[in-house]
Amino acid sequence: MIIDRINSPADVKKLSSDELNILAADVRKGLMNRLSKRGGHFGPNFGFVEATIALHYVFNSPEDKFVFDVSHQCYTHKILTGRKEAFYSDEHFGDISGYTNPEESEHDFFNVGHTSTSVSLACGLAKARDLKGGKENVIAIIGDGSLSGGEALEGLDFASELGSNFIIIVNDNDMSIAENHGGLYKNLKALRDSNGKCECNLFKAMGLDYMYVPDGNDIQMLIEAFKKVKDTDHPTVVHICTVKGKGYTPAETEKENWHWHMPFDPEDPNASIGGGENYGDMTCDYLLAKMKKDKSVVAMVAAVPVNIGFTEEKRKEAGDQYVDVGIAEEHAIAMASGIAKNGGKPVFATHSSFFQRTYDQISQDLCINGNSATLLVNTASVYGMHDITHLGIFDIPMISNIPNMVYLAPTCCEEYFAMLDWSIEQNSFPVAVRIPCNGVIHSDKTFDTDYSDLNKYKVMSEGEKTAIIALGDFYQIGEKLADLIKEKTGTAPTLINPRYITGIDAELLENLKKNHDKVVTLEDGILDGGFGEKISRFYGHSEMKVYNYGLKKEFIDRYKVEDILISNRLTPELICEDIL
């Protein structure tokens, strides 16, 4: 295989035109080997093979600097920059992350996993180069789906201010994760339909030069285009049209399903993997039923529709009661506040780490105004996504400390839907609900249907000496801990489901002083600024001994849940050992 001769970008430059095309086929074999066995971002990587080969053929990485937006399309880049063993040798799969990573290679400049960032990051590289008198090319790579993000538009708006070498590769495959949403995509279509010649041009309107490449999977066409913009003295957009999932028919025809994919059999890609109940599908079905009864209910997402189960078929069923704002979470929060203000019942759902982009809007647009929107915080857990850019362990300090917000943590399926239903129907508070992430756990207990009497914890079993306050996903750890303490000491502890992350039940906590001398708090998130610290602060001047259990404040990457739980002493056995 040609790939056997490629150990650095310099080796790519030695290949003939025919050999470059063979290299593309070899690269896809490596991608298929890894992705079919490990899972990951399939469509973005298969679609960007030729463009990456052409970039490395024309430019001189790492002197010339590539910044990949999201970087979920960087696998070919990794293969060509000395990391191919992680694709062709199964035992080396763990050598790399799914995104660019400066710790892996000098050819990577940023740890990037959130979208719409490449233009801004690359603007910074270019500005520093200009200040130092450098001459290298700086190339930002951004997908059309990412253009809907506010940071991308801010970066594009600034780029022309540089007045120096700056190249933006717009990878247009007419897709985000699902279909694109927003007015700018009408202009991208017009540019595609006119071969880049239509009078209305978003990029020129931003003050940028513009070049159109109709076939972004044609290596020679790309090489010619990149040579024309190499060493340019002004900011230029190169708009290339690629096929998402190129080279694998199922991925080309079912682009949404193959954006990210679980491990699969390449010969039988439709073979079922997994199954069973999940909160995405159940939440979607619940909302669809709610919508049919109440036309004021609207489900909102930000380019990740299946995070709450809205497949293409179910999006059509929801009709205009379903809104996808594109990669614009800030807009979604403000829009939800407006919907609530005018009598609607908005439910906005996205992943925990994506909510980090919305702090100002939650505070200013939603909570100061006190509008009753519902926010569903998904994968908010140590059990959620495991890579460093998508950690779901920071939302409790962020969301729970905003005044007027009610942040709820259900312990099981039945409590989750009780809280969700109350949130949608009430009109007094902005409410966020943590979607459980430790599996679909059912309970035969009876759960409240009204949560408007704020910050009232629920005692699940009465005991003495030790009280366990177990929040959300960690409630089941609390149950096991309670059983273990009773087994070890002969005395049953009190087990409490706090339900509310945003406040303390002062009356209940005060009453615990009568026959308890220890309180244990459990939370599925970092301890700094978290739930347990509120309890510790309450008892600070008293004789009560408080043990806070949660996660250390740190960035963790590609971890095993059991390792993190043990390192933070978050098992019933280790906690019991500590307090006894």
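No value in this document is a laboratory result; all are computed from the given coordinates. Model, not experiment: these values are computed from the prediction. Note: ideal-geometry Cβ built from the backbone for every residue, glycine included; neighbour counts use all protein chains shown.
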Hits among lysines - C-alpha to C-alpha of Lys316 under 20 Å, sequence gap 8 or more where chains match:
Lys255, Lys290, Lys292, Lys293, Lys295, Lys345
For a quick check of your reading of the filter: which GluC sites (Glu not before Pro) in segment 44-141 sit in a DSSP loop and have no more than 14 other Cβ atoms within 10 Å?
Glu63, Glu103, Glu106
Within segment 506-580, list the chymotrypsin sites (Phe, Trp or Tyr not before Pro) lying in a DSSP loop whose Cβ has at most 11 other Cβ atoms in a 10 Å radius.
Phe555
Would you mind checking Lys204/Lys230; Lys456/Lys513; Lys480/Lys534 for any pair whose Cα atoms are more than 21 angstrom apart?
Lys480/Lys534
To test your reading of the geometry: what angle, between 0 and 90 degrees and rounded to tens, separates the Cα axis of helix 184-193 from the longest principal axis of the chain?
30 degrees
For segment 496-547, run through the GluC sites (Glu not before Pro) and keep only the ones in DSSP coil with at most 16 other Cβ atoms within 10 Å of their Cβ.
Glu543
Which angle from 0 to 90°, rounded to the nearest 10, does the C-alpha axis of helix 49-58 make with the longest principal axis of the chain?
60 degrees
Contour minus end-to-end for Asp130 and Asp193, with contour as 0.36 nm per residue of separation and end-to-end as the Cα-Cα distance?
19.0 nm
Return the aspartates and glutamates within reach of Lys552: Cα separation strictly under 18 angstrom, same-chain partners fewer than 8 residues apart disregarded; answer none if there are no such residues.
Asp387, Asp395, Asp473, Glu523, Asp524, Asp528, Glu533, Glu562, Asp563, Asp578
Go through Gly134, Thr115, Tyr99 and say which Cα lies farthest out towards the positive end of the charge dipole of segment 66-147; charges sit on Cβ, +1 for Lys and Arg, -1 for Asp and Glu.
Gly134
What size of dipole, in debye to the nearest 20, comes out for the chain about its Cα centre when the only charges are +1 on Lys and Arg C-beta atoms and -1 on Asp and Glu C-beta atoms?
560 debye
Between helix 413-425 and the chain, what is the angle of the helix's C-alpha long axis to the longest principal axis, kept within 0 to 90° and rounded to the nearest 10?
80 degrees
I'd like to know which of Gly540, Leu551, Thr502 lies farthest towards the positive end of the charge dipole of segment 458-579, counting +1 on Cβ of Lys and Arg and -1 on Cβ of Asp and Glu.
Gly540
Consider the candidate values [x] 25.9, 82; [y] 22.3, 72; [z] 39.7, 128; state which one is Rg and Dmax of the Cα atoms in Å computed from the structure displayed.
[x]
Taking the chain and counting helices only, DSSP H stretches of n ≥ 4 at -39,500 (n - 2.57) each over all residues, the nearest-500 ellipticity at 222 nm comes to -10000 deg cm²/dmol
Report, in listed order, any pair from Lys29/Lys84; Lys29/Lys189; Lys465/Lys545 with a Cα-Cα distance greater than 20 Å.
Lys29/Lys189
Spatial separation of Cα centroids for segment 1-58 and segment 177-236, in angstrom:
23 Å
Between beta-carbons, use under 10 Å as the cut-off and find the net charge around Arg357, counting Lys and Arg +1, Asp and Glu -1.
-4
